[in-house]
Amino acid sequence: MNEVLFRARPGLPGTGPAAPMERPSRPQTLFIACGALARELVELKRSTGWSELTITCLPAHWHNTPQKIAPAVLRKIRSARRSFDQVFVIYGDCGTGGELDRVLEAEGVERIPGPHCYQMYMGAAAFEARADVEPGCFYLTDYLARHFDRLIIKGLGLDRYPELLVDYFGNYTTLVHLAQLADSSLKAKAGKAAARLGLAFEYRLVGYGELGAFVSQIADDGPQPAGLTEPVAAE
């Protein structure tokens with residue numbers, strides 16, 4: 001998974017072809033992240049050529065028990081101190097009620113801004129504007145589209161108690177798929193999820209949004225990976 005980036009160095013007269021030159025190494029960096037972001041972070045690591053980045057993830061299903069998140073992040077931070085030059089947390093507040101931020105402030109560790117990954121992907125301004133106009137949106141990322149049955153249907157007990165569907169989703173009007181990849185199979189899964197919940201369906205290819213920008217900035221302020229962070233108009 002580790003990669004080394006090379007850039008061209010012009011050859012001097014009489015020295016033959018230009019030789020590859022290894023770029024200066026970046027600090028050894030640890031990302032402590034939500035497991036729902038693992039695939040995207042691995043791709044961003046590859047795209048930025050960030051060989052000095054290590055990614056460790058906590059279980060994505062801890063969103064259902066958010067009281068576990070802050071203590072586990074704290075343990076990860078303290079165990080990483082001797083091995084890494086810098087540590088970042090790739091989590092929203094994710095239902096911790098501010099406890100995660102209190103831990104990070106005490107430890108002097110930065111996290112990506114935002115309350116949840118939907119805002120990270122869509123962008124703060126766009127998400128807040130949409131929430132003001134249409135608060136009845138239920139959002140799926142690519143991760144949630146892949147694991148909809150396990151995390152939503154079974155996770156909420158709707159496979160055993162389908163009558164709870166109205167209690168959970170009666171106030172929603174639209175399922176919005178915030179897609180990271182232009183993947184027709186994931187789009188189809190998200191559409192089926194909307195139908196199963198009795199909601200209208202909207203597809204937005206948003207890429208990696210502010211997550212991509214955050215990673216790119218830490219990676220020595222390098223350029224953002226092409227095609228990953230620019231939002232695309234909704235369908």
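Between Ala200 and Ala106, the modelled labels are 4.6 nm apart [label points 7 Å from Cα along Cα→Cβ]. Applying 1/(1 + (r/R0)^6) with r as the Cβ-Cβ distance of Ala126 and Ala188 and R0 = 25 angstrom yields a FRET efficiency of 0.55.
Place the peptides 60-68, 194-202 in order of packing, highest mean first, counting for every residue the other Cβ atoms within 10 Å and averaging per peptide. The partial results should precede the final answer.
Values: 60-68: 14.9, 194-202: 16.8.
My ranking of the peptides, most packed first, is 194-202, 60-68.
A cut-off of 5 Å between modelled amide H atoms, ignoring neighbours fewer than 5 places along the same chain, links His116 with Asp93. FRET efficiency for the pair Arg75 and Asp149, taken as 1/(1 + (r/R0)^6) with r the Cβ-Cβ distance and R0 = 30 Å, rounds to 0.45. On a per residue basis, the convex hull of the C-alpha atoms belonging to the stretch 77-215 measures out at 141 Å³. The modelled label-to-label distance for the pair Lys68/Ser83, using points 7 Å beyond Cα in the direction of Cβ, is 2.1 nm. Its Cα gyration tensor gives the stretch 124-205 an equivalent ellipsoid. The semi-axes, each the square root of 5 times an eigenvalue, are 21, 17, 10 Å from largest down.
Going highest first, how would you order 172-178, 127-133, 146-152 by mean Cβ packing within 10 Å? Let's see the in-between values first.
On the way: 172-178: 20.9, 127-133: 13.7, 146-152: 17.0.
Ranking, from highest mean packing down: 172-178, 146-152, 127-133.
Computed over the Cα atoms of the stretch 95-138, what is the convex hull's projected area averaged over all directions, in nm²?
Numbers: hull surface 14.4 nm².
One quarter of the hull surface, i.e. the mean projection, equals 3.6 nm².
Between their Cα atoms, which of Lys68/Lys187; Lys68/Lys154; Lys154/Lys189 are more than 24 Å away from each other? All intermediate terms of the calculation are to be shown ahead of the outcome.
Working: Lys68/Lys187 32 Å; Lys68/Lys154 21 Å; Lys154/Lys189 16 Å.
Over 24 Å apart, Cα to Cα: Lys68/Lys187.
No value in this document is a laboratory result; all are computed from the given coordinates. The structure presented is a predicted model; accordingly, all values stated were derived computationally and were not measured. Neighbour counts are summed over all protein chains in view; Cβ atoms, including those assigned to glycine, are modelled from backbone coordinates with ideal geometry.
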